[in-house]
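Notes for the one structure printed next.
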Amino acid sequence: MPMRLIWGMSFVAACLSGPALAQQGSAYSAGLRVAQGRGYANADCYARVFAKHAVVVENAAGKRSWFATSTPAYNAEQRSRCGVDRLQDIAARREAQRFAAPGAPRIRGGMHGAGMRVAAERGYAGSEANCFARVYAVYASPQPASRGMVKYAIPGRSMHAYSQELHQRCGISR
(Lines give C-alpha, C1' and ligand atoms only; values in the text may rest on other atoms or scores of the structure.)
Protein backbone atom coordinates (compact mmCIF):
# COMPACT_ATOMS: atom_id res chain seq x y z
CA MET A 1 0.00 0.00 0.00
CA PRO A 2 2.69 2.61 0.81
CA MET A 3 4.35 1.90 -2.56
CA ARG A 4 1.11 2.70 -4.40
CA LEU A 5 0.76 5.92 -2.42
CA ILE A 6 4.31 6.99 -3.28
CA TRP A 7 3.81 6.08 -6.94
CA GLY A 8 0.49 7.97 -7.04
CA MET A 9 2.02 11.07 -5.46
CA SER A 10 4.90 10.92 -7.91
CA PHE A 11 2.47 10.65 -10.81
CA VAL A 12 0.43 13.64 -9.59
CA ALA A 13 3.59 15.72 -9.08
CA ALA A 14 4.79 14.87 -12.60
CA CYS A 15 1.42 15.80 -14.09
CA LEU A 16 1.34 19.12 -12.25
CA SER A 17 4.90 20.04 -13.20
CA GLY A 18 4.29 19.35 -16.91
CA PRO A 19 2.28 22.52 -17.59
CA ALA A 20 4.82 24.60 -15.69
CA LEU A 21 7.60 23.26 -17.89
CA ALA A 22 5.50 23.87 -20.98
CA GLN A 23 4.81 27.45 -19.93
CA GLN A 24 8.51 28.01 -19.23
CA GLY A 25 9.32 26.75 -22.74
CA SER A 26 6.70 29.08 -24.15
CA ALA A 27 8.21 32.02 -22.28
CA TYR A 28 11.64 31.11 -23.63
CA SER A 29 10.23 30.88 -27.18
CA ALA A 30 8.52 34.24 -26.81
CA GLY A 31 11.76 35.78 -25.54
CA LEU A 32 13.68 34.22 -28.40
CA ARG A 33 11.25 35.71 -30.95
CA VAL A 34 11.59 39.14 -29.32
CA ALA A 35 15.39 38.95 -29.31
CA GLN A 36 15.59 37.81 -32.92
CA GLY A 37 13.07 40.43 -34.04
CA ARG A 38 15.14 43.17 -32.44
CA GLY A 39 18.40 41.75 -33.73
CA TYR A 40 20.10 41.13 -30.39
CA ALA A 41 23.37 39.26 -30.83
CA ASN A 42 22.87 36.91 -27.88
CA ALA A 43 19.25 35.87 -28.47
CA ASP A 44 19.54 32.69 -26.37
CA CYS A 45 20.74 34.62 -23.31
CA TYR A 46 18.03 37.25 -23.77
CA ALA A 47 15.37 34.52 -24.01
CA ARG A 48 16.56 32.79 -20.82
CA VAL A 49 16.44 36.04 -18.82
CA PHE A 50 13.08 36.93 -20.41
CA ALA A 51 11.64 33.55 -19.38
CA LYS A 52 12.81 34.10 -15.81
CA HIS A 53 10.99 37.44 -15.51
CA ALA A 54 7.99 36.90 -17.83
CA VAL A 55 4.39 36.42 -16.78
CA VAL A 56 1.31 35.53 -18.79
CA VAL A 57 -0.97 38.49 -19.46
CA GLU A 58 -4.37 38.53 -21.10
CA ASN A 59 -5.49 41.38 -23.34
CA ALA A 60 -9.05 42.69 -23.73
CA ALA A 61 -9.76 40.25 -26.56
CA GLY A 62 -8.85 37.31 -24.31
CA LYS A 63 -5.55 36.52 -26.04
CA ARG A 64 -2.76 35.46 -23.70
CA SER A 65 0.90 36.20 -24.23
CA TRP A 66 4.15 36.41 -22.32
CA PHE A 67 5.27 39.79 -21.03
CA ALA A 68 8.35 40.85 -19.06
CA THR A 69 7.92 44.15 -17.25
CA SER A 70 10.77 46.61 -17.63
CA THR A 71 11.92 46.56 -14.00
CA PRO A 72 15.37 47.67 -12.80
CA ALA A 73 16.21 44.04 -11.93
CA TYR A 74 15.19 42.75 -15.36
CA ASN A 75 17.03 45.52 -17.23
CA ALA A 76 20.15 45.06 -15.11
CA GLU A 77 20.18 41.30 -15.66
CA GLN A 78 19.76 41.70 -19.43
CA ARG A 79 22.60 44.23 -19.47
CA SER A 80 25.02 42.30 -17.22
CA ARG A 81 24.40 38.76 -18.51
CA CYS A 82 23.54 39.36 -22.14
CA GLY A 83 24.97 42.77 -23.00
CA VAL A 84 21.53 44.08 -24.01
CA ASP A 85 20.80 47.64 -22.95
CA ARG A 86 17.01 47.59 -23.05
CA LEU A 87 16.61 51.18 -21.87
CA GLN A 88 18.70 52.47 -24.75
CA ASP A 89 16.77 50.27 -27.18
CA ILE A 90 13.41 51.50 -25.86
CA ALA A 91 14.56 55.12 -26.10
CA ALA A 92 15.68 54.63 -29.71
CA ARG A 93 12.33 53.10 -30.69
CA ARG A 94 10.39 55.92 -29.00
CA GLU A 95 12.52 58.52 -30.77
CA ALA A 96 11.81 56.88 -34.12
CA GLN A 97 8.06 56.90 -33.44
CA ARG A 98 8.16 60.54 -32.37
CA PHE A 99 9.20 61.70 -35.85
CA ALA A 100 6.74 59.54 -37.73
CA ALA A 101 3.66 61.32 -39.03
CA PRO A 102 0.34 60.04 -37.65
CA GLY A 103 -0.79 57.10 -39.72
CA ALA A 104 2.55 56.82 -41.52
CA PRO A 105 3.81 53.30 -42.03
CA ARG A 106 6.37 52.31 -39.45
CA ILE A 107 9.81 51.20 -40.49
CA ARG A 108 9.78 47.46 -41.00
CA GLY A 109 12.05 45.70 -38.53
CA GLY A 110 12.60 48.85 -36.47
CA MET A 111 15.94 50.56 -36.20
CA HIS A 112 17.82 47.27 -36.32
CA GLY A 113 16.03 46.38 -39.54
CA ALA A 114 17.04 49.72 -41.04
CA GLY A 115 20.62 49.04 -39.99
CA MET A 116 20.51 45.59 -41.57
CA ARG A 117 19.34 47.10 -44.85
CA VAL A 118 22.16 49.67 -44.78
CA ALA A 119 24.64 46.90 -43.92
CA ALA A 120 23.44 44.84 -46.88
CA GLU A 121 23.77 47.86 -49.19
CA ARG A 122 27.38 48.21 -48.03
CA GLY A 123 28.16 44.53 -48.56
CA TYR A 124 28.16 43.24 -44.98
CA ALA A 125 26.58 39.91 -44.08
CA GLY A 126 26.13 37.57 -41.12
CA SER A 127 27.45 38.58 -37.72
CA GLU A 128 29.26 41.57 -39.20
CA ALA A 129 25.96 42.92 -40.58
CA ASN A 130 24.21 42.25 -37.26
CA CYS A 131 26.93 44.15 -35.37
CA PHE A 132 26.74 47.01 -37.89
CA ALA A 133 22.95 47.18 -37.46
CA ARG A 134 23.16 47.31 -33.65
CA VAL A 135 25.61 50.23 -33.77
CA TYR A 136 23.60 51.94 -36.51
CA ALA A 137 20.42 51.64 -34.41
CA VAL A 138 22.11 53.55 -31.59
CA TYR A 139 23.45 56.43 -33.71
CA ALA A 140 20.91 56.84 -36.51
CA SER A 141 18.42 59.63 -36.03
CA PRO A 142 14.97 59.67 -37.61
CA GLN A 143 14.31 62.59 -39.91
CA PRO A 144 11.07 63.54 -41.63
CA ALA A 145 10.92 62.65 -45.30
CA SER A 146 8.36 63.10 -48.07
CA ARG A 147 4.76 61.90 -47.68
CA GLY A 148 4.98 61.46 -43.90
CA MET A 149 7.68 58.85 -44.18
CA VAL A 150 10.74 58.72 -41.95
CA LYS A 151 14.31 58.28 -43.09
CA TYR A 152 17.32 57.52 -40.89
CA ALA A 153 20.78 59.00 -41.06
CA ILE A 154 23.83 59.45 -38.86
CA PRO A 155 24.03 63.15 -37.91
CA GLY A 156 27.35 64.84 -38.66
CA ARG A 157 27.99 65.56 -34.97
CA SER A 158 27.84 61.83 -34.22
CA MET A 159 29.83 60.58 -37.21
CA HIS A 160 33.19 60.38 -35.41
CA ALA A 161 31.81 58.47 -32.40
CA TYR A 162 29.81 56.24 -34.77
CA SER A 163 32.91 55.38 -36.81
CA GLN A 164 34.91 54.63 -33.66
CA GLU A 165 32.25 52.35 -32.25
CA LEU A 166 31.90 50.50 -35.56
CA HIS A 167 35.63 49.88 -35.49
CA GLN A 168 35.82 48.88 -31.81
CA ARG A 169 32.74 46.64 -31.66
CA CYS A 170 32.60 45.24 -35.16
CA GLY A 171 36.05 45.68 -36.64
CA ILE A 172 34.56 47.77 -39.46
CA SER A 173 36.55 50.75 -40.71
CA ARG A 174 34.69 53.44 -42.58
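Annotations
- The stretch 118-128, residues that are modelled with pLDDT of 85 or more and not in a loop (DSSP other than H, G, I, E, B): Val118, Ala119, Ala120, Glu121, Glu128
- Flag for Pro102 being modelled with pLDDT of 70 or more and not assigned by TED's automatic domain parsing to the domain that holds Gly39: no
- Some residue of the stretch 137-153 being in a helix (DSSP H, G or I), in contact with a helix residue (DSSP H, G or I) (Cβ under 9 Å, 6 or more places away or on another chain), modelled with pLDDT of 85 or more and under 17 Å from Tyr40 (Cα atoms): no
- Pairs, first at positive phi in the stretch 77-90, second hydroxyl-bearing (Ser, Thr, Tyr) and modelled with pLDDT of 85 or more, C-beta under 9 Å, six or more apart: none
- Unique residue being more than 17 Å from Tyr40 (Cβ to Cβ) and at pLDDT 70 or above when the list is Val84, Val56: Val56
The values are calculated or read from the model by the stated rules, or taken from the named source; none is laboratory data. Please read all numbers here as calculations on a predicted model, not as lab measurements. Positions of Cβ are backbone-derived with ideal geometry, glycine not excepted, and every protein chain shown enters the neighbour counts.
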